[in-house]
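Worksheet: one structure, shown below.
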Amino acid sequence: MVAAAELRAAGGSWAAVGRMVHRHADTCRRWPTLYPAAWNRIFCEAVRQLRENAAGEAVTVLRNLLRSKDEKVCRDAARALLAAGPPPTPAEKSDCIDDYMNDLDDRDQQALETNLDAIEADDGPAPDGGCAPRPA
């Protein structure tokens, strides 16, 4: 299921997943419904890893653009790198989570806590699949 989730996170079709894992596409297509908690956990990790890899590749591209002979390209690459900044520390992540939670109204905060409790209890995914991008 890990390979299937990774391929789906990267935009692969269910037919491609089926070929890769030697199963019928319809069988693979049912996994999120049959195993929602496991699928959600595996798929979200695949999405997170994909985003992390893409960010690393983007930094590499921008660093290479810093060596361009075109001053505008260099300037724009430098601005993009500075805007991205270093990855947040665990303490900074915690502060962001606290700020986000404090900005929620009581109803949204309760809904989030309910979803987190369901995930911890392994009762299944959140209504949005649990992989929505986090607010910046």
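The values are calculated or read from the model by the stated rules, or taken from the named source; none is laboratory data. All values derive from a computational prediction rather than experimental measurement. Positions of Cβ are backbone-derived with ideal geometry, glycine not excepted, and every protein chain shown enters the neighbour counts.
Remarks
- Selected residue (criterion: surrounded by the most Cβ atoms within 10 Å (Cβ to Cβ)) from residues of segment 74-97 that are aliphatic (A, V, I, L, M) and closer than 21 Å to Glu57 by Cα: Ala77
- Residue that is farthest from the chain's Cα centre (by Cα) [pool: residues in segment 31-73 that are of a type in the set (D, E, K, R) and surrounded by 13 or more Cβ atoms within 10 Å (Cβ to Cβ)]: Arg41
- Taking segment 9-53 as the range and being of a type in the set (Gly, Ala, Ser) and part of a helix (DSSP H, G or I) as the test, the residues that pass are Ala9, Ala15, Ala16, Gly18, Ala25, Ala37, Ala38, Ala46.
- Residue in segment 116-126 that is at pLDDT below 80, assigned to a loop (DSSP other than H, G, I, E, B), surrounded by 11 or more Cβ atoms within 10 Å (Cβ to Cβ) and acidic (Asp, Glu) present: yes
- Arg63 being under 30 Å from Asp117 (Cβ atoms), of a type in the set (Lys, Arg) and out of contact with any strand residue (DSSP E or B) (no Cβ under 8 Å at 6 or more places or on another chain): no
- The set of residues from segment 21-39 being touching a helix residue (DSSP H, G or I) at 6+ places or on another chain (Cβ under 8 Å) and of a type in the set (Val, Ile, Thr) comprises Val21, Thr27.
- Filter pass, Ala16 being surrounded by 14 or more Cβ atoms within 10 Å (Cβ to Cβ) and not β-branched (Val, Ile, Thr): yes
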